[in-house]
Amino acid sequence: MCGVFLAVVASYAAGEEISREFVQDLGTSQVVSGSLQGPAQNAGSSFTEILPSAWEGRGLSAAEVLGALPGIQYYKQGGLGSFQTVSVRGIAARSIVVCVDGVPLNDASGGAVDLGQIDLNQVEKIEVYKDYVPVKFGGSGIGGAVNFVTKGSKLSNNIIGYTSGRALVGYGSHGSYEASLQLTSRLTDSVTVNAVISTQHSDNDYEFENRNGTPYNSEDDFTDKRENAEFTEHSGSFKLRALHANGVFSTFSGSVNYSEGGTPGREDYQTQVAGFEGERAVVSYRSEWPQLWNWLWLEMGVTGKFEKSVAHSYYPLDHIGYASTEFLQYGAAGYSLFPEISASYNGERLDASLYMLMNADYYAARGSSRDWNLSRFKVSPAFETTYRVLRFLAVGGNASVQLVKDDIHGGEFVLPTMSSRLESARSRDLSYAARGFIRLNPEAPWGASFSAGRYFREPQLMELYGVYPGVVSNPDLREETAFRLEAGAFVKSPSRKTFLQGTYFESHTDNGVVWLVSGSFMKPSNVGEALIRGFETELSSRPSGILSIVLRATFQNAVDRSGNPSYHNKKLPGEPAQSYLAEATLYLPFHLDFTWTSEYRSRIFSDRANRIEQPATARHRAALAYQPFVQTRIVFAADNLTGETYRNIYTPYPTPGREYKLTVTQGF
């Protein structure tokens with residue numbers, strides 16, 4: 001839960017779209033029930049935009065919202081604030097780029113981004129790229145990208161001095177509550193400000209079946225309560241947009257976040273004082289220049305980020321009750337700077353963009369762990385282009401290269417020999433990614449697309465130079481690579497009320513980083529290879545004014561190809577062969593609507609050797625909403641209606657059973 005610390009809420013807005021948003025009244029975000037995603041964008045190309053109607057009032061976390069999409073699996077280790085991740089089309093979570101307003105959250109630890117600590121009350125929409133990582137996000141990632149777009153300055157009135165806003169309050173099971181307030185005001189005809197404050201909390205003291213340390217003997221099981229699992233988060237953000245006299249459009253933004261919680265430990269060894277704390281702050285400036293020479297658009301920006309995460313544990317105190325020198329407190333603090341510049345051309349047939357992305361990171365030890373300092377400087381030139389060959393046919397692609405320079409300062413970096421120390425960083429090779437695509441009839445009632453590309457993920461600083469107790473350095477780690485392709489097609493009914501699409505995907509990954517454990521030591525190594533093939537499909541329809549339906553399915557075969565006899569041709573951990581989702585919404589009289597969602601996931605394995613099996617699971621949830629006024633909405637949601645709490649006998653994290661939540665939103 002604590003190893004990965006999120007950097008959040010740096011304002012990154014696409015230039016031309018921001019300008020249009022500023023001069024037009026797009027209105028405030030409305031809370032409506034129905035589909036789990038908004039209108040299809042670039043239909044058939046595996047880009048999805050998820051709107052707040054997918055989560056507001058429904059008690060869902062970011063991972064659960066993403067996991068509702070075909071091709072995406074989510075993992076959750078408990079209640080609110082617990083460690084949560086997603087995989088995309090069989091690619092592990094650590095290889096997926098997760099951003100907030102275009103700024104990657106993946107940190108120097110190399111682990112997966114913890115989606116459990118993203119407050120969706122700060123989010124206006126979620127952009128999901130399942131087949132590639134856009135070059136504007138840095139291009140380093142083999143499993144696609146997820147971008148959380150924070151709430152911006154959208155007003156429903158052009159009047160100077162006019163202020164609009166939305167308030168949300170919610171209360172649910174296990175002492176859970178949340179509250180947020182958003183205010184947006186037009187100060188002048190060219191300046192708009194937006195501010196959001198939010199808080200959420202849960203005691204997470206849910207009941208579960210404790211196996212009493214004997215997982216194979218059910219006779220001594222008893223009902224227990226989760227202890228020391230509370231989670232609290234406070235966050236705030238500010239955004240100012242201004243149009244200057246010279247035509248330059250500026251966006252200033254800042255955000256702060258503080259989170260803390262307990263780490264309960266295993267069911268048979270719940271701790272009382274172990275926990276974590278996290279802090280983050282982000283400031284950003286972005287400028288968009290007026291069109292130059294009637295064909296060139298320039299955008300420039302710089303973002304600064306601070307993040308700190310510290311975990312602590314004191315296990316002797318939990319069981320023997322007196323002070324001990326075995327108090328453990330470890331973590332990291334990081335400082336990052338992201339300068340960037342882009343130039344774009346938009347013609348009748350050709351669209352092209354050039355990017356220069358830079359990133360400087362500095363991380364240092366926090367807590368009582370040994371001192372260490374690591375730094376990295378990255379520069380990545382990139383481009384992307386689309387050419388409309390015919391009215392119904394477009395081709396294009398993107399490519400990026402990345403140059404990395406690492407430095408280590410102080411501390412002890414243990415080498416695999418255990419007899420020497422690393423004194424300087426190893427030089428890194430140039431990395432590159434490239435992708436091409438073809439789209440047929442992207443805006444027509446039917447169409448198709450094909451894309452293929454080579455992708456990479458550069459080893460992160462703490463994977464290369466182990467900094468925590470028990471971690472052995474491996475400065476010779478190579479970049480993870482993947483060759484991926486997808487072919488998709490879609491069709492819309494003449495009335496546009498029904499939409500059907502299907503996509504075949506295939507990935508060949510190499511040099512996957514796997515942590516090898518020997519005794520009390522861990523070492524990362526490039527031993528993972530995999531072949532992933534699958535098909536995903538989606539049908540969304542509104543056959544009548546009172547009913548909308550969404551059906552989604554994923555079929556995949558994700559197997560290990562490392563060559564090791566113990567793992568070769570075994571299923572990749574955490575990847576089911578089939579998963580399904582069905583959702584129906586009824587729009588009832590008296591301003592009521594009712595949504596039912598059912599999910600099914602076939603069995604998965606928790607280890608590479610496929611010895612630890614978790615059976616197939618089904619999950620159901622429902623939400624009843626009442627909207628007495630245009631800007632007032634009340635939602636009562638029930639999750640996990642069957643009360644399913646099963647987890648594998650080796651899994652130390654029991655999950656909540658049935659949960660309830662009541663949420664009220666009010667616009668003004």
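The values are calculated or read from the model by the stated rules, or taken from the named source; none is laboratory data. On a predicted model such as this, the values are computed, not experimentally measured, just so you know. Ideal geometry is used to build each Cβ from the backbone, glycine not excepted, and the neighbour counts take in all protein chains shown. Accessible surface is based on the protein model in full, side chains and every heavy atom, while ligands, DNA and RNA are left aside. Shrake-Rupley method; radii C 1.70, N 1.55, O 1.52, S 1.80 Å.
Could you tell me how far the Cα centroid of the range 423-439 sits from the Cα centroid of the range 88-122, in Å?
Using only Cα atoms, the two centres lie 20 Å from each other.
What's the center-to-center distance, using Cα atoms, between the range 203-227 and the range 231-289 in Å?
The range 203-227 and the range 231-289 have Cα centres separated by 35 Å.
Hey, if we sort Trp293, Trp596 by accessible area with the 1.4 Å probe, largest down, what's the order? Don't skip to the answer; put the middle values down first.
Numbers: Trp293 180, Trp596 105 Å².
I get Trp293, Trp596, largest accessible area first.
Could you sort Val379, Val550 by their accessible area in this structure, using a 1.4 Å probe and putting the largest first? Numbers along the way, then the final one.
Details: Val379 35, Val550 5 Å².
So the residues, ranked largest to smallest area, are Val379, Val550.
How do Thr263, Thr554 stack up against each other in accessible area, from largest to smallest, with a 1.4 angstrom probe? Can you show the working numbers first?
Numbers: Thr263 35, Thr554 5 Å².
Ranked list, largest accessible area first: Thr263, Thr554.
Within the range 458-547, list the trypsin sites (Lys or Arg not before Pro) lying in a DSSP loop whose Cβ has at most 11 other Cβ atoms in a 10 Å radius.
Within the range 458-547, the qualifying trypsin sites (Lys or Arg not before Pro) (loop, at most 11 other Cβ atoms within 10 Å) are Arg496.
Which residue, chosen from Pro576, Tyr177, Val128, occupies the Cα position most advanced towards the positive end of the dipole of the chain, where the dipole is computed from +1 (Lys, Arg) and -1 (Asp, Glu) charges on Cβ about the Cα centre?
Farthest towards the positive end: Val128.
With each label point set 7 Å from Cα along the Cα-Cβ vector, what nm distance links Tyr285 and Phe590?
Roughly 5.7 nm, to one decimal.
When Lys and Arg each count +1 and Asp and Glu each count -1, what net charge do the other residues less than 15 Å away from Lys571, Cβ to Cβ, add up to?
Details: positive: Arg89, Arg533, Arg561, Lys570, Arg601, Arg603, Arg608, Arg611; negative: Glu529, Asp560, Glu575, Asp607, Glu613.
Combined, the nearby Lys, Arg, Asp and Glu give +3.
Given charges of +1 on the Cβ of Lys and Arg and -1 on the Cβ of Asp and Glu, with all other atoms neutral, how large is the dipole of the range 131-230 about its Cα centre, in debye to the nearest 20?
Details: 8 positive and 13 negative charges, 231 e Å.
I would put it at about 1100 debye.
Between (1) 166; (2) 156; (3) 212, which entry matches volume of the Cα convex hull per residue in Å³ as derived from the coordinates of this structure?
Evaluating volume of the Cα convex hull per residue in Å³ on these atoms matches (2).
Can you send over the solvent-accessible area of Arg601, 1.4 Å probe, protein chains only, in Å² to the nearest 10?
Answer for Arg601: close to 60 Å² accessible.
Taking the Cα-to-Cβ direction at Phe521 and at Val395 and moving 7 Å from each Cα, how far apart do the two end points lie in nm?
Each label point is offset 7 Å from its Cα along the Cβ direction, giving 5.3 nm.
Sticking with the crude label model, points 7 Å out along Cα→Cβ, report the distance from Phe377 to Val514 in nm, one decimal please.
With each label point 7 Å from Cα toward Cβ, the separation is 3.7 nm.
If ligands, DNA and RNA are left out, what is the accessible area of Asp639 with a 1.4 Å probe, given in Å² to the nearest 10?
Rounded to the nearest 10, the figure is 10 Å².
Please give the net charge around Glu529, taking every other residue with its beta carbon less than 11 angstrom from that of Glu529, where Lys and Arg add +1 and Asp and Glu add -1.
Numbers: positive: Arg561; negative: Glu480, Asp510, Asp560.
Around Glu529, the surrounding residues sum to -2.
With a ≥ b ≥ c taken as the square roots of the eigenvalues of the C-alpha gyration tensor of the range 149-291, please select rounded if a/c is under 1.5 and otherwise prolate if a/b is larger than b/c or oblate if it is not? Can you show the working numbers first?
Working: a/c = 4.42, a/b = 2.90, b/c = 1.52.
Since a/c reaches 1.5 and a/b is larger than b/c, the shape of the range 149-291 is classed as prolate.
Excluding ligands and nucleic acids, what accessible area in Å² is computed for Asp351 using a 1.4 Å probe, to the nearest 10?
Here the residue's solvent-accessible area equals roughly 40 Å².
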